[in-house]
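Contents: one structure, followed by commentary.
The values are calculated or read from the model by the stated rules, or taken from the named source; none is laboratory data. Note that this is a predicted model, so its numbers are computed, not measured. Reconstructed Cβ throughout: ideal geometry from the backbone, glycine too, with neighbour counts over all protein chains shown. When the accessible area is computed, the model is the full protein with side chains, heavy atoms only, and any ligands, DNA or RNA have been set aside. Shrake-Rupley method; radii C 1.70, N 1.55, O 1.52, S 1.80 Å.
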Amino acid sequence: MRRDIPPLDEVRRITQKKRDAWWTVILVDPVATPLVRWTAKWTRITPNQITWGAFLLGLVSAGFFALGDWQWLVVGAVVYHFSFILDCMDGKVARLTGTGSVFGAWLDFVFDRIRVMACAVALMGGQFHRTGDAFYIWAAVAVVALDTLRYINGLEIFKIRHTMRKQIKVRMRAARRAENQAELAFMEDLLRENPEADIEQDLQKTQSEQGVPETPEAPEPAPKRQVIDLHQEFRHKFPAYLRARSFLLRHRIRTHLVSGIEFQMGVFMIGPLFDVVLPATIVSGALLLVFELAIIYKLLLSTRDFTRTIDSFEERKVLAAA
């Protein structure tokens with residue numbers, strides 16, 4: 001037994017993400033977090049072993065899906081949900097015990113993709129054998145393609161955002177050296193540190209702090225951070241997004257309401273449980289595409305904010321030279 005494992009409330013603080021999928025927040029964390037504490041305190045199970053367990057359990061659910069009949073679909077859906085709970089536990093145990101690894105992250109990613117592929121082929125193959133409807137074959141191809149597209153799109157968007165932030169930081173360092181300017185901060189980072197904060201309040205607070213006059217008697221204050229907001233145009237176009245985002249984040253739910261997690265649960269849980277595999281797959285796939293397109297559109301507007309930010313640095317450079 002490990003004696004350094006904290007109480008459950010502290011385990012929640014350490015292991016649960018500040019922003020997560022609503023399916024995870026509502027239906028997974030209440031079960032996974034107590035299991036994480038028990039596992040870390042009473043066993044020697046490693047995160048990689050949990051990853052293997054989630055993967056093997058996912059293959060078991062695929063076996064039930066392949067049988068085709070509704071009662072086996074229900075069993076497969078329940079087993080798949082337990083597989084996903086284990087899949088969430090490996091990262092939490094790693095964060096709690098400090099035993100995470102780069103290889104473990106790779107293993108988790110690869111096993112997730114194989115599990116989705118195996119379950120999609122088994123589920124749709126079982127339904128094809130049950131009904132003779134060839135559309136299920138195309139549905140299996142669509143599920144695998146959408147899951148792959150989601151990860152490729154997420155990776156590329158991450159790379160583009162990282163590149164934009166890197167270029168802004170380079171220019172800010174140069175400006176700070178030349179003008180002794182304030183430290184740089186990104187609005188999305190400030191919101192990640194304090195997810196309950198409203199964006200408009202953060203902007204007003206930052207502006208008021210930067211506008212406080214200095215008094216001769218007081219010591220020179222530390223320079224305030226300059227806040228760069230690369231989602232400004234998106235928020236101006238969709239002001240209701242601020243209120244919805246603030247409400248969801250108060251409950252730890254991210255605004256990307258239909259991500260890969262909800263897509264998988266729609267296909268591998270809701271569809272089998274209610275024997276509506278094909279309709280659930282179509283609806284889940286359509287909603288996933290809608291939210292992915294929204295992210296792409298948000299990225300487009302973000303690149304415009306990035307261009308304006310870079311142009312502002314160039315204008316300052318010209319004015320300084322003049």
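Would you mind stating whether R245 is closer than 30 Å to A145 by Cα, out of contact with any Leu (no Cβ under 6 Å at 6 or more places or on another chain), of a type outside the set (F, W, Y) and modelled with pLDDT under 95? Here the answer is yes, as R245 does meet what is asked. Within region 86-98, restricting attention to residues that are of a type in the set (A, V, I, L, M) and open to solvent by less than 40 Å² (accessible area, probe 1.4 Å), the residue that is nearest to P279 (Cα to Cα) is M89. If you check L242, L299 for being surrounded by 18 or more Cβ atoms within 10 Å (Cβ to Cβ), under 20 Å from the mean Cα position of the chain (by Cα) and either not small (G, A, S) or not in a helix (DSSP H, G or I) (or both), only one passes: L299.
Does I261 fit the bill of being assigned to a helix (DSSP H, G or I), closer than 18 Å to V78 by Cα and open to solvent by 20 Å² or more (accessible area, probe 1.4 Å)? Yes: the conditions hold for I261.
Cβ separations smaller than 7 Å between residues 6+ apart or across chains give the following pairs from region 150-177 residues that are under 15 Å from K298 (Cα atoms) and of a type in the set (V, I, T) to residues that are modelled with pLDDT of 90 or more and open to solvent by less than 80 Å² (accessible area, probe 1.4 Å): I157/I295; I157/L299; I160/L299. It is to be established whether one or more residues within region 42-59 are out of contact with any Asp or Glu (no Cβ under 8 Å at 6 or more places or on another chain), open to solvent by 50 Å² or more (accessible area, probe 1.4 Å), closer than 30 Å to R245 by Cα and among the aromatic types (F, W, Y). The answer is no, given that none of the residues of region 42-59 is out of contact with any Asp or Glu (no Cβ under 8 Å at 6 or more places or on another chain), open to solvent by 50 Å² or more (accessible area, probe 1.4 Å), closer than 30 Å to R245 by Cα and among the aromatic types (F, W, Y). For residues that are within 20 Å of the chain's Cα centre (by Cα) and more than 18 Å from G98 (Cβ to Cβ), tally how many sit in region 1-43. Count: 15.
Could you tell me whether region 49-69 includes any residue that is closer than 23 Å to P6 by Cβ, among the polar types (S, T, N, Q) and modelled with pLDDT of 95 or more? Yes, region 49-69 contains a residue that is closer than 23 Å to P6 by Cβ, among the polar types (S, T, N, Q) and modelled with pLDDT of 95 or more. Looking at region 14-22, is at least one residue closer than 20 Å to F274 by Cα, part of a helix (DSSP H, G or I) and out of contact with any Phe, Trp or Tyr (no Cβ under 6 Å at 6 or more places or on another chain)? No, because not a single residue in region 14-22 is closer than 20 Å to F274 by Cα, part of a helix (DSSP H, G or I) and out of contact with any Phe, Trp or Tyr (no Cβ under 6 Å at 6 or more places or on another chain). When region 80-106 is filtered for residues that are closer than 23 Å to R37 by Cβ and among the aliphatic types (A, V, I, L, M), the ones remaining, listed by number, are I85, L86, M89, V93, A94, L96, A105.
Rundown of residues vs (1) open to solvent by 20 Å² or more (accessible area, probe 1.4 Å); (2) outside any helix (DSSP H, G or I); (3) over 18 Å from V276 (Cα atoms), yes/no style:
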| residue | (1), (2), (3) |
| --- | --- |
| F103 | yes, no, yes |
| A120 | no, no, no |
| I137 | yes, no, no |
| A142 | yes, no, no |
| E156 | yes, no, yes |
| I168 | no, no, yes |
| A174 | yes, no, yes |
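Considering only residues in region 4-20 that are among the aliphatic types (A, V, I, L, M) and open to solvent by less than 20 Å² (accessible area, probe 1.4 Å), the one that is nearest to C88 (Cα to Cα) turns out to be V11. Of the candidates D133, D112, the single residue that is among the acidic types (D, E) and within 17 Å of V28 (Cβ to Cβ) is D112. For region 246-258, which residues satisfy the criterion of being surrounded by 17 or more Cβ atoms within 10 Å (Cβ to Cβ) and part of a helix (DSSP H, G or I)? Scanning region 246-258 gives S246, L248, L249.
The rows are residues; the columns are (1) open to solvent by 30 Å² or more (accessible area, probe 1.4 Å); (2) among the aliphatic types (A, V, I, L, M); (3) modelled with pLDDT of 95 or more.
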residue	(1), (2), (3)
F84	no, no, yes
G100	yes, no, no
V110	yes, yes, yes
I114	yes, yes, yes
H129	yes, no, yes
A145	yes, yes, yes
T148	yes, no, no
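Just one of the listed residues (E193, E217) is modelled with pLDDT under 70, more than 30 Å from F268 (Cα to Cα) and under 18 Å from the mean Cα position of the chain (by Cα), and it is E193. Mind checking which residues of region 21-38 are open to solvent by 10 Å² or more (accessible area, probe 1.4 Å) and of a type outside the set (A, V, I, L, M, F, W, C)? Hits for region 21-38 are P30, P34, R37.
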